[in-house]
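K.L.:
Sharing a structure here in structure tokens format.
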Amino acid sequence: MLRPASAREAVGIGGARLRWRATTQAYRPEGRPLRRALITGITGQDGSYLAELLLGKGYEVHGIVRRSSSFNRHHIDHLHERAETAERLHLHYGDLGDGVGLTNLVRSITPHEVYNLAAQSHVAVSFEIPDYTGDVTGLGAIRLLEALRAAGTDARYYQASSSEMYGNTPPPQDETTIFHPRSPYAAAKVYAHHCSVNYREAYGMFTCNGILFNHESPRRGENFVTRKITRAVARIKAGVQSELVLGNLDARRDWGYAPEYVEAMWRMLQHDDPGDYVVATGDSYSVRDFCELAFAHAGLDWSDHVKTDVRYERPSEVPDLIGDPSKAARVLGWEPSVRTPALAAIMVDSDIQKVDEELHGRSSGRA
Ligand code: NAP
Ligand code: GDD
């Protein structure tokens, strides 16, 4: 779908423009095929790294952004600042709650690959807003799948499934492990996962589910536990915070490095056959362990600063996640290199730099 030029160019986003693209731009001037990817959740941690990866591979990248009163595009602003990526990055307003809008976008963009990363992604918050979480995180996936089906496209589809779906099932977890969701978020992800499998079986669509275990980075949202910890370490080190209040310190997670995990997403869609893959490091650390690693990296003792409060505990907890990524290694050749201790160091160093900038107004490189 094309709009009049004036309407197409009407809305600026953080210095960038919303652009509606014609399908005739599917090929570069020199005739080399240009692959088009559509990313939902492009403003989030994974979406921003995936956009970088795909732009680096020469893709034309379309991202769906939600309308909000204040801009929250800081993870992708730098992609608009570089001419070589800005010309191939296009943002469109949309929402996983708006099926008609998704259908119009898919018809207009005609993507070759679609990465559904958008979600209400916070597990604890999903207990507060279960209906909304089910609508966006669960039904949002089927709206997008239906949009693809209605457009009659043969685009390849990636669904951001989650290790949270295993819930109470003991580790190690792989692609054959049964799901036992322990939150509205996890139940919504199970629904979306099965829809993706069903559209593969029912309609022959190329759909892949990446069952990703926790992955973090300096772009991780500040209310996820790793970032909450590394940010607190930086602030305590700088003397602007004295304590950190957390919930359950015994929960164990398999924490990897987000930029490596988006590479696995891309590899899934390049394979000859669609499938479902666990993406994980195969190691597990408790929240307490992560505190110890992060504080120690800054020369601090975690036990001097960390307190607990039941208000950060969940009505039902996921106690222990350890992924077995051997299928991804065998079939996709994907292996992680950054393990949890190195991840904690990367995040602490980044937060120390950010706090320094906040306090002293110094500017530095992008995380
Ligand atoms: P994130 O940082 O929370 O990003 C979520 C993205 O979804 C944001 O861009 C957000 O936009 C967008 N979004 C939220 N509601 C939307 C809606 N109604 N319509 C359109 N967009 C909407 O999440 P992430 O860590 O990058 O994770 C990416 C995906 O992987 C999510 O689906 C998550 O559930 C899943 N996952 C994550 C992990 C992990 O450890 N990170 C592990 C397994 C699975 P705004 O910026 O406007 O809020
Ligand atoms: N957020 C948070 N805040 N978690 C805390 C806190 C706290 O103050 N204290 C302890 N935790 C514990 C949680 O109870 C949980 O067991 C663990 O730390 C990790 O919590 P999060 O970082 O919020 O992540 P998550 O594991 O619940 O969910 C993340 O990973 C999933 C994959 O397994 C999210 O990214 C999900 O979107 C993703 O699907």
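K.L.:
Can ASN223 be described as part of a loop (DSSP other than H, G, I, E, B), within 12 Å of ligand 1 (Cβ to nearest atom) and polar (S, T, N, Q)? Explain how you work it out, then say what you get.
P.N.:
Details: part of a loop (DSSP other than H, G, I, E, B): yes; within 12 Å of ligand 1 (Cβ to nearest atom): yes; polar (S, T, N, Q): yes.
So ASN223 passes the test.
K.L.:
Considering only residues that are closer than 28 Å to GLY239 by Cβ and part of a helix (DSSP H, G or I), which ones fall in the stretch 269-300?
P.N.:
VAL287, ARG288, ASP289, PHE290, CYS291, GLU292, LEU293, ALA294, PHE295, ALA296, HIS297 - these are the residues of the stretch 269-300 that are closer than 28 Å to GLY239 by Cβ and part of a helix (DSSP H, G or I).
K.L.:
Hey, any hits in the stretch 168-181 for a residue that's of a type in the set (A, V, I, L, M) and either within 14 Å of ligand 1 (Cβ to nearest atom) or under 24 Å from ARG267 (Cβ atoms) (or both)?
P.N.:
In the first step, residues of the stretch 168-181 are kept if they are of a type in the set (A, V, I, L, M); the result is 178.
This time we only want the ones that are either within 14 Å of ligand 1 (Cβ to nearest atom) or under 24 Å from ARG267 (Cβ atoms) (or both), so: none.
No, there is no match, as no residue in the stretch 168-181 is of a type in the set (A, V, I, L, M) and either within 14 Å of ligand 1 (Cβ to nearest atom) or under 24 Å from ARG267 (Cβ atoms) (or both).
K.L.:
A further question follows. When both residues are 6+ apart or on different chains and their Cβ atoms are under 8 Å apart, which pairs have a first residue that lies in the stretch 194-215 and is β-branched (Val, Ile, Thr), and a second that is part of a helix (DSSP H, G or I)?
P.N.:
THR207/LEU145; THR207/SER196; THR207/VAL197; THR207/TYR199; THR207/ARG200; ILE211/SER163; ILE211/MET165; ILE211/HIS193
K.L.:
In the stretch 128-179, how many are touching a Pro at 6+ places or on another chain (Cβ under 9 Å), modelled with pLDDT of 95 or more and of a type in the set (Val, Ile, Thr)?
P.N.:
Residues meeting the conditions: 4.
K.L.:
Can you name every residue in the stretch 70-118 that is of a type in the set (A, V, I, L, M), touching a residue at least 12 places away in the same chain (Cβ under 8 Å) and either on the phi > 0 side of the Ramachandran plot or more than 16 Å from ligand 2 (Cβ to nearest atom) (or both)?
P.N.:
Taking the stretch 70-118 and keeping what is of a type in the set (A, V, I, L, M), we get 76, 79, 83, 86, 89, 91, 96, 100, 102, 105-106, 109, 114, 117-118.
From what's left, touching a residue at least 12 places away in the same chain (Cβ under 8 Å): 76, 79, 86, 89, 91, 96, 102, 105-106, 109, 114, 117-118.
Matches in the stretch 70-118: ILE76, LEU79, ALA86, LEU89, LEU91, LEU102, LEU105, VAL106, ILE109, VAL114.
K.L.:
So, one more: Name the residue that is farthest from TRP334 (Cα to Cα), counting only residues in the stretch 215-243 that are more than 12 Å from ligand 2 (Cβ to nearest atom) and among the aliphatic types (A, V, I, L, M).
P.N.:
Out of the qualifying residues, it is VAL240.
K.L.:
Quick one: is GLU113 in contact with a helix residue (DSSP H, G or I) (Cβ under 6 Å, 6 or more places away or on another chain) and acidic (Asp, Glu)? Outline the logic, then answer.
P.N.:
Numbers: in contact with a helix residue (DSSP H, G or I) (Cβ under 6 Å, 6 or more places away or on another chain): yes; acidic (Asp, Glu): yes.
The answer is yes for GLU113.
K.L.:
May I pose another question? Working carefully through the options ALA160, ALA186, ALA150, find the one that is of a type in the set (A, V, I, L, M, F, W, C), touching an Asp or Glu at 6+ places or on another chain (Cβ under 9 Å) and either assigned to a strand (DSSP E or B) or surrounded by fewer than 19 Cβ atoms within 10 Å (Cβ to Cβ) (or both).
P.N.:
Numbers: ALA186 fails: either assigned to a strand (DSSP E or B) or surrounded by fewer than 19 Cβ atoms within 10 Å (Cβ to Cβ) (or both); ALA150 fails: touching an Asp or Glu at 6+ places or on another chain (Cβ under 9 Å).
Of the residues listed, the single one that is of a type in the set (A, V, I, L, M, F, W, C), touching an Asp or Glu at 6+ places or on another chain (Cβ under 9 Å) and either assigned to a strand (DSSP E or B) or surrounded by fewer than 19 Cβ atoms within 10 Å (Cβ to Cβ) (or both) is ALA160.
K.L.:
Is there a residue being closer than 29 Å to HIS194 by Cβ, touching a Lys or Arg at 6+ places or on another chain (Cβ under 8 Å) and within 14 Å of ligand 2 (Cβ to nearest atom) anywhere in the stretch 244-255? Before the answer, list the steps.
P.N.:
So the first thing to find is which residues in the stretch 244-255 are closer than 29 Å to HIS194 by Cβ, and the list is 248, 251-255.
Retained after the next criterion (residues that are touching a Lys or Arg at 6+ places or on another chain (Cβ under 8 Å)): 248.
In the following step, the residues that additionally are within 14 Å of ligand 2 (Cβ to nearest atom) were identified as 248.
Yes, because at least one residue in the stretch 244-255 is closer than 29 Å to HIS194 by Cβ, touching a Lys or Arg at 6+ places or on another chain (Cβ under 8 Å) and within 14 Å of ligand 2 (Cβ to nearest atom).
K.L.:
Next question. Restricting the stretch 105-137 to residues that are of a type outside the set (A, V, I, L, M), surrounded by 24 or more Cβ atoms within 10 Å (Cβ to Cβ) and assigned to a helix (DSSP H, G or I), which is nearest to the chain's Cα centre (by Cα)?
P.N.:
Top of the filtered list is THR137.
K.L.:
Moving on. Residues of the stretch 46-69 being within 16 Å of ligand 2 (Cβ to nearest atom) and touching a His at 6+ places or on another chain (Cβ under 7 Å), which ones?
P.N.:
At the first step, the residues of the stretch 46-69 found to be within 16 Å of ligand 2 (Cβ to nearest atom) are 46-50.
Within the stretch 46-69, SER48 is the sole residue that qualifies.
K.L.:
Follow-up question, since we're still on this one. Based on this model, can you work out whether SER303 counts as touching a residue at least 12 places away in the same chain (Cβ under 8 Å) and of a type in the set (Ser, Thr, Tyr)?
P.N.:
On the way: touching a residue at least 12 places away in the same chain (Cβ under 8 Å): no; of a type in the set (Ser, Thr, Tyr): yes.
Judged against the criteria, SER303 is not a match.
The values are calculated or read from the model by the stated rules, or taken from the named source; none is laboratory data. Since the model is a prediction, treat every value here as computed from it, not as a measurement. Cβ: placed from backbone, ideal geometry, glycine included. Neighbour counts: every protein chain shown.
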